[in-house]
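J.: My questions all concern the structure below.
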Amino acid sequence: MIKLTEKEKRFLKRVDRITHIPWSAKIIAVDARGKTMRLSWETFTRLKDDGIIIRSTGDLSCDIYVINPAPVTPEVDEMREAS
């Protein structure tokens, strides 16, 4: 079962989209208001590998990830309902 830290729970409540620029390994997370949020490479990789965030669109210069609409765990489902 996937365990989320308190920091990850707060992050998932606020995040709107995550942009990954593959050629520079840069990650940009923003909330619904457009405010930039911090996200480490390790957390991004973990959320992606666990299926909590999924790639919604992408092209040669960047990939955009969003929270998976089909919740992976009840914990993630609670986060989506709270936001």
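J.: Just give me the residues in the range 39-55 being closer than 20 Å to Glu78 by Cβ and in contact (Cβ under 8 Å) with a residue 12 or more places away in the chain, in sequence order.
T.: Matches in the range 39-55: Thr43, Leu47, Asp50, Gly51, Ile52, Ile53, Ile54.
J.: Further, regarding this structure: With the checklist (1) modelled with pLDDT under 90; (2) in a strand (DSSP E or B) in hand, flag the one item Val76 doesn't pass.
T.: Going through the list (1) modelled with pLDDT under 90; (2) in a strand (DSSP E or B), Val76 breaks only (2).
J.: Still on this structure, I have one more. Which members of the range 23-54 meet the condition of being part of a loop (DSSP other than H, G, I, E, B) and of a type outside the set (A, V, I, L, M)?
T.: Trp23, Ser24, Arg33, Gly34, Lys35, Arg38, Ser40, Asp50, Gly51
J.: Among the residues of the range 55-69 satisfying the criterion of being assigned to a loop (DSSP other than H, G, I, E, B) and touching a strand residue (DSSP E or B) at 6+ places or on another chain (Cβ under 9 Å), which is modelled with the highest pLDDT?
T.: For the range 55-69, the residue satisfying everything is Cys62.
J.: Which of the residues that make up the range 39-62 are of a type in the set (Asp, Glu) and surrounded by 15 or more Cβ atoms within 10 Å (Cβ to Cβ)?
T.: Hit for the range 39-62 is Asp50, nothing else.
J.: Within the range 29-38, identify whether any single residue is under 20 Å from Lys9 (Cα atoms), under 13 Å from the mean Cα position of the chain (by Cα), surrounded by 10 or more Cβ atoms within 10 Å (Cβ to Cβ) and without any contact (Cβ under 8 Å) to a residue 12 or more places away in the chain, and answer yes or no.
T.: No, because not a single residue in the range 29-38 is under 20 Å from Lys9 (Cα atoms), under 13 Å from the mean Cα position of the chain (by Cα), surrounded by 10 or more Cβ atoms within 10 Å (Cβ to Cβ) and without any contact (Cβ under 8 Å) to a residue 12 or more places away in the chain.
J.: Does the range 1-22 hold any residues that are assigned to a strand (DSSP E or B), surrounded by 14 or more Cβ atoms within 10 Å (Cβ to Cβ) and hydrophobic (A, V, I, L, M, F, W, C), and which are they?
T.: Val15, Ile18
The values are calculated or read from the model by the stated rules, or taken from the named source; none is laboratory data. This one's a predicted model, so the numbers in the text were calculated from it and none came from an experiment. Here Cβ is always computed from backbone atoms with ideal geometry, including for glycine, and neighbour counts include all displayed protein chains.
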